[in-house]
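*Asks:* Attaching a single structure in structure tokens format; questions to follow.
What follows is calculated from the coordinates using simple rules that are stated; it is not laboratory data. All of these numbers come straight from a predicted model, not from anything done at the bench. Backbone-built Cβ (ideal geometry, glycine too); neighbour counts: all protein chains shown.
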Amino acid sequence: ILNVEQSPQSLHVQEGDSTNFTCSFPSSNFYALHWYRWETAKSPEALFVMTLNGDEKKKGRISATLNTKEGYSYLYIKGSQPEDSATYLCAFIVGGATNKLIFGTGTLLAVQP
Amino acid sequence: SQTIHQWPATLVQPVGSPLSLECTVEGTSNPNLYWYRQAAGRGLQLLFYSVGIGQISSEVPQNLSASRPQDRQFILSSKKLLLSDSGFYLCAWTPTGSSYEQYFGPGTRLTVT
């Protein structure tokens, strides 16, 4: 059974703090890893799709790194703002033509003004 | 541009009643289509996926079924709902071929009473 784990489960930070989360995934048969930002009652918003070992991607104050050999990815948020409050999901692609995603349980981030 | 629709947005149904949730995608052809569910206190779980009309694969044994009567239409159904069917249901699509990206609909909040 493929398992994707995220830590911490939740995180409370003050506005302006920088923070990071971890996603662990199976290191064999790797195709791609997704990071999504998910606000309650909305559809998950794609942040990054990462495919190559050593990938680093950035979108504004949010960045992510990927290590496929050891099976982990980090998501960083620099200078957190209240609007960053959301659940951050990572998802591992099970390969082939199906593109099925196996999701972690997410990290719930709450940024206090 | 491509868009994905889901309806209804919210639904409250009694135990034992039938269910039909609909998902349609616009602006693309022959997408892979997916149904995910988030049950209370749990992560997103893949329920069904489809790589073409009439082709449905089930990921977990459950009380639900899926159908794809048209290329861009994906329906989630149940003949008799259980309390455990409550949750947030998300439809998603991926372009056929090389893309790893997956796009989500707005979701349906189902409460079984």
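*Asks:* Could you name the aspartates and glutamates in cross-link range of A:K58, using Cα to Cα under 19 Å and dropping any fewer than eight places away on the same chain?
*Replies:* Within reach: A:D17, A:E45, A:E83, A:D84, B:E101.
*Asks:* Sorted from fewest to most neighbouring beta carbons within 10 Å, what does the list B:R37, B:R68, B:R42 look like?
*Replies:* If I rank by nearby Cβ atoms, fewest first, I get B:R42, B:R68, B:R37.
*Asks:* What does the structure give for B:85-96 when I average, per residue, the other chain Cβ atoms found within 10 Å of the residue Cβ?
*Replies:* Details: counts 0, 0, 0, 2, 0, 3, 1, 4, 1, 6, 1, 2.
Mean partner-chain Cβ count within 10 Å for B:85-96: 2.
*Asks:* If you find the alpha carbon centre of region A:44-113 and of region B:99-113, how far apart are they in angstrom?
*Replies:* Each part reduced to its Cα centre gives a spacing of 18 Å.
*Asks:* Mind checking which lysines have their Cα closer than 26 Å to the Cα of B:K80? Skip sequence neighbours fewer than 8 apart in that chain.
*Replies:* Within the straight-line cut-off, B:K80 pairs with nothing.
*Asks:* When only Cα pairs under 8 Å and 6 or more residues apart are kept, what is the percent relative contact order across region B:55-108?
*Replies:* Values: 52 pairs, mean separation 12.4, N = 54.
Reported relative contact order: 23 percent.
*Asks:* Please figure out what share of the DSSP beta bridges in chain B is antiparallel and state it in percent, rounded to the nearest 5. Don't skip to the answer; put the middle values down first.
*Replies:* On the way: 36 of 40 bridges.
About 90 percent, rounded to the nearest 5.
*Asks:* Give me the percent relative contact order of chain B, please, defined on Cα pairs under 8 angstrom at least 6 residues apart.
*Replies:* RCO, chain B: 36 percent.
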